[in-house]
Each structure stands twice: as structure tokens, then as C-alpha cells.
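Trainee: Below you'll find the structure I mean.
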Amino acid sequence: MDITSILYPVLSIGGMGVIFGAGLGLASIKLKVEQDPKVPLVRECLPGANCGGCGFAGCDALAEAIASGKAPVNACPVGGSACAAKVGAVMGIKAEEGEKMVAFVKCNGNCDAAKTKFEYYGEADCDLENGVSGGRKACSYGCLGDGNCVRVCKFNALNIVNGVAVVNPDKCVACGACIKACPKKLIELVPESKKVRVACSSHDAPKQSKDNCSNACMGCKMCERNCPSEAVKVDNFLAKVDYEKCTQCGICTEKCPTKAITKRDGNVVLNEESAS
Amino acid sequence: MNLFLILLSAIFVHNFVLSQFLGICPFLGVSKKVETASGMGIAVVFVITLASAATWLVHKFILVPLHIEYLYNIAFILIIASLVQLVEMFIKKSSPSLYQALGVYLPLITTNCAVLGVAVNNMNDGYGFIASVVNGIGAAIGFAIAIILFAGIRERVAKCNIPKSLEGFPIALITAGLMAIAFLGFSGML
């Protein structure tokens, strides 16, 4: 037996191992990416749900953006002002108090109010039902109530009540996951303190809206005409509240014939005593 | 023309996942969403192409002259693992956006047996350098096609009403089996 038949394999494979190891070691020094020491500290303060509500790809990405100054310290909608204060302490910036936002479902076409055009026997999934002629509801803008938003909510803030999705504002952290999940684009973020909201998204003509759903906004402009601060505008048969201008006087809610515009906490209508 | 045949054969006829059953682990593991499946697919194309070039060079200029071809497995694994590490570091430094897209999948590919499979196949079939690289690209594209198609099907299947006993992996395996049968149809192509 020749000694080379042992020597060659050992030397060549061992040599390759040593060379690759040394190469990688060198490369790791040469190609080292400088990481800001603040990144892990900022990351510690963030909630870590990786919900993407801030618009970045998860908490790690946001921490990097904050540390490099590309995002404000209160960029995390989930952590709210408590989180912003902690991040601000790390970054040495005082956090501005952000207005707390909550998700709001712009539809009140519940089982009592909204008519259906056919019976739907498919999977209880909004995307699938929406694929069948826009779903069973006569109003093509309305909430289908199959709960895609409920399933994507990591914070259990949504429920289906009487066929319509309802947000619990105490649990909602405004991460925006439900907004992306809704095929009807019914959910938007509104300032929590602004209670006067329009619970309808229908752009149908007045008569059709009224036929389809007794809670619909018909675009009658009673709210627009009576608003003292010009905060309500009707566009394409749908009222819209400008939350910047709204003083929450509540006149529009009294004038609205279908009560599509009301004072609400989440999706629950506040009665006059508790509202005042 | 010959190279074109090698490419087609690697993509369809000898599809690495669906007719040679290599690389099944990532095929089942990262195929729940089309988005992640495409990320994995692109990363695999990247790595297999580089790996088939590197392994060919080492085989030709180190293993064969020293008559130690029987050590090819160990040598190839060594090369692939270090190559992936190096590529990962390099991408992290040079292109953070590409790293974000591929980053998670690159380390996973270190142990993807399809990469080793391509290298071993290249050696067994006696391909030259260009042919090896083309075969590598073809195999990787075949992998990407298979995993993206599979992810698309799984996305739909997840929304369907599946019997309790078949939910999750059982139905995924059945789907994969049916896809493999479908890909048998390509065997008459060449």
C-alpha cells in the first residue's frame, strides 16, 4: 500500500477545509456590516408582533429604520405612545404624543337592515364569496361578514356581530392587518377621539341604496347642509366626515334620516346621554 | 442545440423535485405562500448555478489529478456549504435589498440536497464546464417552477373544505404526488 493514497485525500480535503475556513474567516472580517448599536436597543422596545402595521417588513426592519433616522420614534402604531416614549429614550428624542387611531368598519348592513340577492352556501371566506357576483348581499359595497378580518387580527379586536364586522376599540392597536384583508375595502383607520362617523360605503344612487339596506347613506346631503363647520361632504352619494374639521357637535347625527352617520365608539352607536 | 436539450431536460424531463425527488425538504417546507416560494426559488437558482461551476472546477483540477474521486461527496458538501456562506456575506455587504429578499433562504439551501444532486449528476454524466453550468441553471429553474406551482396550489387548497384527517401535510403530499404524475407526461418530450 502506498502512503500517498492516505496522504493525498487527507491533505487535499483537509487543505480545502483549512483554505475555505480561512477564506470565510477573512471574508467575515472584510465584509462585516456595521450595525448601529442602537438597533437591538430599539428592537427591545418594540412589541415584536411583526404585524407590519408600520409599513416596514417586521419589527427588526422598523428598528433599523428608526435607528438610522428614516422612521420617527412613534412609527409603531401597535405600541402606541408608551412604546414611542421608550424608543424615544433610547434615541434621545422626546416622542410626540400621537393621536390614537382605531380601525373602523364603514358598513352597518347587518342581517336586519341589508337585503340579500341570493343564498350563499360556499366556504365562509370573504375573498371566495366576493368572487361569486360580489357576494350574497344586495348592496355590492357591504360587509360580507365571513370574517377574514377577524381571522387576520392578532389582537382579537374584531368580531362578526349580526352579519357585520365590528371593531373593539379597546383591543384595536391600528396595525392595519384587517384593512388589507377586507376585499370590499370597508375598514379604515380613524382617530379614536372622533366619534362621529359614517357607517356606510355605498356609492349607489339614493333609491337603490335605500332598497338594498335600511341603514345606508343615501347621499341626501342633510348632514352637509346642516354642518356648522363644513366638516361633512357628500361625494358620489356618500357622506364623508373630515375628522380635522369635525367638532363633534352631533347635529348631522340628528338630521340623518337613516342614521348612517352617528356617534359611535367602535361600531357601537352611542346614545345621546353617553355621547354628551 | 445540445446545451438547449440539457437545459430543457433538466427543467422538465428530469425535474429535480418531481421526477428525481431531490430537494423535497424545502419543497414542502417553504411552499405555503407563493411569495416565499418565489424567494426560495430565486435563491436556489443563484446558488445551484454557482455551485455547479465551483464543484466542476474542484472535481476537474483537484479530485481527478489526485485520483481521489471517491471523496466527491465530502468535497462537494464542503464547497457548497462554504460557498453559500460566502455568498450570504457578500450579498449582505453589497446589496442589502437582495439580502432582504434572499437572506432567510440562503442558509437553508446549504443543506438542500438538490444542490449536491446537480453537482453529482454533472460529474456522473461527464459534462464539461459550460454544460455543467447550463444543467445547474436548468435544474434550479425546474425547482423554482415546481415549488411556485406547488405553492399556488397549496394556497387554494388551504381555503377548501378538506376532510379532517387529510388537513395540512397529508393533502400537501397527495398534491405533490399528483404533480409528479403530471410531470411524467414530459418524459416523452426528449
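The values are calculated or read from the model by the stated rules, or taken from the named source; none is laboratory data. Keep in mind the model is a prediction, meaning the values are calculated, not measured. Quick reminder, even Gly has a Cβ in these numbers, built from the backbone with ideal geometry, and neighbours come from all protein chains shown.
Trainee: Of the conditions (1) in a loop (DSSP other than H, G, I, E, B); (2) within 17 Å of A:VAL269 (Cβ to Cβ); (3) basic (Lys, Arg), A:LYS185 fails just one. Which one is it?
Mentor: Among (1) in a loop (DSSP other than H, G, I, E, B); (2) within 17 Å of A:VAL269 (Cβ to Cβ); (3) basic (Lys, Arg), the lone unmet condition for A:LYS185 is (2).
Trainee: Mind checking which residues of the range A:20-59 are touching a helix residue (DSSP H, G or I) at 6+ places or on another chain (Cβ under 7 Å), over 19 Å from A:ALA174 (Cα atoms) and not small (Gly, Ala, Ser)?
Mentor: A:PHE20, A:LEU24, A:LEU31, A:VAL33, A:ASP36, A:LYS38, A:VAL39, A:LEU41, A:VAL42, A:ARG43
Trainee: Next up: Inspect the range A:111-120 for any residue being buried (at least 18 other Cβ atoms within 10 Å of the Cβ) and more than 14 Å from every other protein chain (Cβ to nearest Cβ) and give the result as yes or no. First the steps, then the outcome.
Mentor: Residues of the range A:111-120 that are buried (at least 18 other Cβ atoms within 10 Å of the Cβ), as a first pass: A:113-114.
From what is left, the residues that are more than 14 Å from every other protein chain (Cβ to nearest Cβ) are A:113-114.
Yes.
Trainee: Shifting gears a bit: Which is surrounded by fewer than 16 Cβ atoms within 10 Å (Cβ to Cβ), more than 10 Å from every other protein chain (Cβ to nearest Cβ) and part of a loop (DSSP other than H, G, I, E, B), of A:GLY14, A:GLY55, A:GLY25? Before the answer, list the steps.
Mentor: Numbers: A:GLY14 fails: part of a loop (DSSP other than H, G, I, E, B); A:GLY25 fails: part of a loop (DSSP other than H, G, I, E, B).
Of A:GLY14, A:GLY55, A:GLY25, the one residue that is surrounded by fewer than 16 Cβ atoms within 10 Å (Cβ to Cβ), more than 10 Å from every other protein chain (Cβ to nearest Cβ) and part of a loop (DSSP other than H, G, I, E, B) is A:GLY55.
Trainee: Still on this structure: Sort through A:LYS259, A:LYS221, A:LYS263 and tell me the only one that's surrounded by fewer than 18 Cβ atoms within 10 Å (Cβ to Cβ) and within 24 Å of A:MET101 (Cα to Cα).
Mentor: A:LYS259
Trainee: Let me ask something else about it. Quick check on this structure: which one of B:GLY117, B:GLY41, B:GLY126, B:GLY136 is away from chain A (no Cβ under 14 Å), at pLDDT 80 or above and surrounded by fewer than 16 Cβ atoms within 10 Å (Cβ to Cβ)?
Mentor: Selected residue: B:GLY126, the only one of B:GLY117, B:GLY41, B:GLY126, B:GLY136 that is away from chain A (no Cβ under 14 Å), at pLDDT 80 or above and surrounded by fewer than 16 Cβ atoms within 10 Å (Cβ to Cβ).
Trainee: Has the range B:121-133 got at least one residue that is among the small types (Gly, Ala, Ser) and not in a helix (DSSP H, G or I)?
Mentor: Yes; the residues of the range B:121-133 include at least one that is among the small types (Gly, Ala, Ser) and not in a helix (DSSP H, G or I).
Trainee: Here's a follow-up. Of the residues that make up the range A:148-156, is at least one within 13 Å of chain B (Cβ to nearest Cβ) and either touching a residue at least 12 places away in the same chain (Cβ under 8 Å) or touching a Leu at 6+ places or on another chain (Cβ under 7 Å) (or both)?
Mentor: Yes - at least one qualifying residue is present in the range A:148-156.
Trainee: Starting from the range B:18-36, keep only residues that are in contact (Cβ under 8 Å) with a residue 24 or more places away in the chain and within 20 Å of B:PHE183 (Cα to Cα), then list their pairs with residues that are of a type in the set (S, T, N, Q) and in a loop (DSSP other than H, G, I, E, B) whose Cβ atoms are within a distance under 6 Å, requiring at least 6 positions of separation or different chains.
Mentor: B:GLY23/B:ASN112; B:PRO26/B:ASN112
Trainee: Moving to a separate point now. I'm trying to understand the selection: among the residues of the range A:121-147, which are within 14 Å of chain B (Cβ to nearest Cβ) and either basic (Lys, Arg) or buried (at least 18 other Cβ atoms within 10 Å of the Cβ) (or both)?
Mentor: The answer is A:CYS126, A:LEU128, A:GLU129, A:ASP146, A:GLY147.
Trainee: Kindly list the number of the only condition in (1) free of Cβ contacts under 8 Å to residues at least 12 places away in the same chain; (2) out of contact with any Lys or Arg (no Cβ under 9 Å at 6 or more places or on another chain); (3) over 30 Å from B:HIS67 (Cβ atoms); (4) not in a helix (DSSP H, G or I) that fails for A:ALA71.
Mentor: (1)
Trainee: Among residues belonging to the range B:75-100 that are within 20 Å of the chain's Cα centre (by Cα) and among the hydroxyl-bearing types (Ser, Thr, Tyr), point out the one that is farthest from the other protein chains (Cβ to nearest Cβ).
Mentor: Once the filter is applied, the top-ranked residue is B:TYR99.
Trainee: Among the residues of the range A:181-211, count how many are in contact (Cβ under 8 Å) with a residue 60 or more places away in the chain and either within 12 Å of A:PHE237 (Cβ to Cβ) or of a type in the set (Val, Ile, Thr) (or both).
Mentor: Number satisfying all stated conditions: 10.
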